[in-house]
1. Of all residues in segment 1-43, which are aromatic (Phe, Trp, Tyr) and either farther than 30 Å from residue 67 by Cβ or modelled with pLDDT of 80 or more (or both)?
2. Name the single residue that is nearest to residue 12 (Cα to Cα) among those in segment 41-72 being among the hydroxyl-bearing types (Ser, Thr, Tyr) and in contact (Cβ under 8 Å) with a residue 12 or more places away in the chain.
3. Regarding residue 17, is this residue hydrophobic (A, V, I, L, M, F, W, C), loosely packed, with under 10 Cβ neighbours inside 10 Å and part of a loop (DSSP other than H, G, I, E, B)?
4. Consider residue 46 carefully, then state whether it is assigned to a loop (DSSP other than H, G, I, E, B), at pLDDT below 80 and not aliphatic (A, V, I, L, M).
Amino acid sequence: MPAIVGPVQIFNVGGGVVQFGDTAVISPKSAVKTFEGSGSANTGGFIVTNNGISGTNTLDTNLVDQPTVGNN
């Protein structure tokens with residue numbers, strides 16, 4: 001059944017999929033792990049972020065977190 005989509009505002013699409021309408025299956029084709037401090041990944045039209053002290057210390061010992069082999 002066709003979808004009725006109202007106003008849409010897309011700020012950024014990087015390596016992803018944007019689908020409007022009928023969809024059976026959407027699967028990711030890539031996987032990324034990021035480590036970011038407090039408030040650093042905020043996205044939007046108008047952002048106000050007030051942070052105190054923010055520190056991100058990581059130790060990642062995993063070799064594979066989310067495999068995408070065979071994900072077609």
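1. Of everything in segment 1-43, just one residue is aromatic (Phe, Trp, Tyr) and either farther than 30 Å from residue 67 by Cβ or modelled with pLDDT of 80 or more (or both), namely 35.
2. For segment 41-72, the residue satisfying everything is 43.
3. no
4. no
The values are calculated or read from the model by the stated rules, or taken from the named source; none is laboratory data. Only a predicted model underlies this, so the values are computations on that prediction, with no experimental measurement involved. With ideal geometry, Cβ positions are generated from the backbone for all residues, glycine too; neighbour counts draw on all protein chains shown.
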